[in-house]
Amino acid sequence: MNWKNKVEKKFEHFSDFVFDNRVKVILFVIAIVIALGSQMKNLTVDTSTEGFFHKDDPLRIQYDEFRNQFGRDEKVLLAIKSDDIFSMEFLSKLNKLHHELQNNLPYIEDVNSLINARNSRGTVDKLIVDDLFEELPKDQKALEFKKKLAQANPLFRDLIINEAGTITTIIIDTQTYTSLDKDGKELPKIESEDEFEDEEPLTDENVEKNYLSDYENSIIIQKTEEIVAKYEGENFEVLISGTAVINHALKKAMADDMQKFIKLVLLVIATFLAILFRRISGVILPLITVAFAIISTLSLMAIFSAPITVVTQILPSFLLAVTIGASIHLLAIFYKEFNKNEDKKGALRYAMGHSGLAIVMTSFTTAAGLWSFSFSELAPVADLGKFASAGVLIGLLFTVVLLPAILALIRLKPKKIEIKDDQEVETLMDKFLIKIADISVTYPKQIITISTILIILSLAIASNLRFSHKPIIWFAEDDPIRISTELIDEELKGSVTLEIIIDTKKENGLYEPEILNKIDRFSQEILKLKSDEYFVGKTLSLVDIIKETNKALNENRKEFYTIPQDKNMIAQELLLFENSGSDDLEDFVDSQFSKARITVKLPYIDSMYYVDLLDAINKKADAEFKDVAEVTVTGISHLLSKIIETAIYSSAFSYVLALTLISIMMIILVGHLKIGLISMIPNIAPILVMTTVMVIFDMPLDMFTMLIGAIAIGLAVDDTVHFMHNFRRYELEYDDIDRAVRMTLLTTGRAMVVTTIVLSFGFFVFMGASMSNIFNFGLLTGIAIVVAVVSDFFLVPAIMKVMIHGKEDLE
């Protein structure tokens, strides 16, 4: 008796144990699920861009340092269209909107618009900095004067107003830090002095700071939309965008789609289970197993403080596929044996002995494949690897422990079947499977030849696959967020920002004319960067304030819009600006005047193109500041570029590791090195077909579609493991390949067909989603599921037929 026979006997004994202790087992499992489920209330959501990086990642640390110094760079951007943004009627309405936003929005730092735009002017010995429309003009002459000031100010162009004068913006700066504690309650306000003599004062140092939460960001957007709705009207069209808004919209749209379609998926799966099994237990029991697995896995995420992200939100769908599949395999064998012998305990023992090892091996191979993603440099992908693999193993436990226990407890009636030659041949499915078996072993060389040609063609086509990460195009073309972002990019030269920090490493280093000249030259140089895919819309820095101040102190003459070349003069002008009452310097320098911030406006483009742009910027920075200052590039655009770059390398490593681990397990299961390795070939087919479809229909390989490969490998390997496990059993028993293939398809093949029909149609339901990435997810996963079973039904038997000529070759 070989090791597999011994393991199968162990499963039979375990089945008897569960059957005899079914009530205790069920109560024990329910208690565990309830205990874990109690933690689900602590599950959080994080759709932020920085959330893609581990907290100890150098890129994340740099970005956090930037936010701690200069504040959050993710803005809420309102673009307001009008025929004339300088009419009295428009400005009056803009003024009311500005102040209502400023007075009623929670969790914000500031609201900036044409109303409070900085207006610097000087007298002989004094600098005056006030709001452009501190008071609305009383007459047309005053209005024209203000209009000329705004149009003449280079800082306003493409920031507050567009070149045509038909669009103006309101920029809402959100808080950097959260105002809520872990229970969602308002944190105590930081006081500058003691309120009580016997209590320690609350300061920045003794109050732990966490960054603005997804919840707070969502509240800001919702309140903004409510306020804006009251003002929108003819000649006052308001468009809302900005990275804060896009992240909110992504989270909401994807959550809505996933919640809506997961219900439809469950309905479709339940319907097909009912049709195929024709038993209530055949519908309810797999769904209970899936529900318990998903609840337990999400609870583990809450316990280990792993948030739901754009990536990990596919976890329920994935666990649904894997756990349902395992349940179907067990139930299909159980029902068949129960209908034949009318002995529930014996049927359960047979099903566990027949499929228990295969179910365990499929779960371990799938878990191993997913676990390889836990090494990813991207935090959400690593979390998916950890918790999806844990979820698969949890689903395994519920499948081999809870499912048999419930079957043992409930009442079941056997269905009458017709038996002929020890095989059930009454159904159309049996005839269909027998036909497939005959074709696969009759024409093996033709099947292998055709498959080889298709694989080569797929590889050639797959080489044209393009990488991309541009979440804005996940929205429909007529979606308000996409329309707003594209219009702002076109009319105002960018909706996102890149942040560059120039660190002189010495106090008052920014008083040096040489450094300021370099910042100015560098800013002018990067404005010239342009290609068919990207451009630099605008730069903002300390230099702009110095030029503006110098001009104001020199009778507002244009020729003085320059940097003074005297260190003392620069220090004096900056001191005058600080004393003017404006706090704008805080946005661009630190308190020691050693670090300068350059904000670069960019369009919301594909992250792949940011890589080229950043390379060009870094080269210019090295050329300008080498041996003079340290340059750090950060900000949302920088993070976006690194996400896709990191994802490509991390995913490549993960897929290689996954295939290696799965191959080793396949060899162990099959018990033959050559056969184990060859049997992995069909598992590549779903991925190749999937990438071919992506190329043909111009679907990019982005963060979302990269992860579908994990599902494809998992499901393909599951089918292969089930097929090879049973094929090896029958081949060794009968020493007849044709009979082994036929019997494999008539037993585990049924479950594979049921699983494929149920899951493929379940995932095809996602094609009705509003977002293109969810559509792609449903289409590609469904295709991968179908191709996986076709490969195992035709290609695997054909390969076995060609390779094996007798029992001697197997031993």
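The values are calculated or read from the model by the stated rules, or taken from the named source; none is laboratory data. Every value quoted in this text rests on a predicted model; they were computed, and no experiment measured them. Cβ atoms come from the backbone with ideal geometry, glycine included; neighbour counts cover every protein chain shown. With ligands, DNA and RNA removed, areas are computed over all heavy atoms of the protein, side chains included. Shrake-Rupley method; radii C 1.70, N 1.55, O 1.52, S 1.80 Å.
Before moving on, here are some points about what is shown:
- Using alpha-carbon coordinates, inclination of helix 379-397 to the longest axis of the chain, degrees: 30
- Site pair Arg466 and Ile453 shows an inter-label distance of 3.0 nm when each label is modelled 7 Å from Cα along Cα→Cβ.
- Alpha-carbon centroid distance for the pair region 59-80 / region 578-624, whole angstrom: 11
- Under 21 Å from Lys185, Cα to Cα: lysines that are on another chain or at least 8 residues apart: Lys41, Lys209, Lys223
- Rounded to the nearest whole Hz, the Karplus-based 3J(HN,Hα) values (6.51 cos²θ - 1.76 cosθ + 1.60, θ = phi - 60°) of region 757-772 follow the sequence 4, 4, 6, 4, 5, x, 7, 4, 4, 5, 5, x, 5, 7, 9, 5, with x at glycine and proline.
- The alpha-carbon of Lys230 sits under 18 angstrom from the alpha-carbons of these lysines, leaving out residues fewer than 8 places away in its chain: Lys81, Lys93, Lys96.
- Qualifying aspartates and glutamates (Cα of each under 19 Å from Cα of Lys252; at least 8 residues distant if same chain): Asp46, Glu50, Glu74, Asp214, Glu216, Glu225, Glu226, Glu477, Asp478, Asp479
- Long-range amide H partners of Gly122 with built H, under 5 Å: Ile128, Asn556
- Helical mean residue ellipticity (222 nm; -39500 (n - 2.57) per DSSP H run of 4+; nearest 500) of the chain: -20500 deg cm²/dmol
- Heavy-atom surface of region 696-811, accessible at 1.4 Å and reported per residue (Å²): 28
- Selection from Leu393, Ile333, Pro700, by position along the positive dipole direction of the chain (Cβ): Ile333
- Segment Arg157-Glu490, extension gain: residue separation times 0.36 nm, minus the distance between their alpha carbons: 118.5 nm
- Nearest-0.05 FRET efficiency for Val628 and Asn579, computed from C-beta distance (R0 25 Å): 0.25
- Student exercise, the chain dipole from Lys, Arg, Asp, Glu Cβ charges, in Debye to nearest 20: 4420
- Region 211-344, accessible surface, carbon-and-sulfur percent (1.4 angstrom probe): 60
- The chain: angle of helix 542-552 to the longest principal axis, Cα-based, in degrees nearest 10: 20
- Between Thr174 and Val76, Glu109, the built amide H atoms are under 5 Å apart, and every one of these is 5 or more places off in sequence or on another chain.
- Note on Lys528 and Asn5: with the Förster distance fixed at 51 Å, the Cβ-Cβ geometry gives a FRET efficiency of about 0.10.
- Working from label points 7 Å from Cα in the Cα-to-Cβ sense, the Ser305 to Asn103 distance is 4.0 nm.
- Ranking Phe19, Gln62, Asn42 by how far each Cα lies toward the positive end of the dipole of region 1-73 (charges on Cβ) leaves Phe19 at the top.
- Under 21 Å, Cα to Cα: Lys pairs in region 537-648, sequence gap 8 or more or different chains: 21
- Non-local lysine pairs in region 404-518, meaning eight or more places apart or on different chains, with alpha-carbon distances under 20 Å, amount to 8.
- Contour minus Cα-Cα distance for Leu397 and Gln592 (0.36 nm per residue): 64.2 nm
- Of all DSSP beta bridges in the chain, antiparallel share, percent nearest 5: 95
- Among the protein heavy atoms, those of Thr562 account for about 60 Å² of accessible surface (1.4 Å probe, every chain in place).
- Charge-dipole axis of the chain as Lys and Arg at +1 and Asp and Glu at -1 on Cβ define it, positive-most pick from Tyr511, Met608, Ile221: Met608
- Angle in degrees between helix 140-152 and the longest Cα principal axis of the chain, rounded to the nearest 10: 60
- Annotation: for a label point projected 7 angstrom from Cα along Cα→Cβ of Ile483, residues of region 156-171 with backbone N closer than 18 Å are 167-168.
- FRET efficiency, 1/(1 + (r/R0)^6) with R0 30 Å, evaluated for Asp343 and Gln446 via beta carbons: 0.10
- Rounded to the nearest 20 debye, the dipole size of region 269-356 about its Cα centre is 240 debye, using +1 on the Cβ of Lys and Arg and -1 on the Cβ of Asp and Glu.
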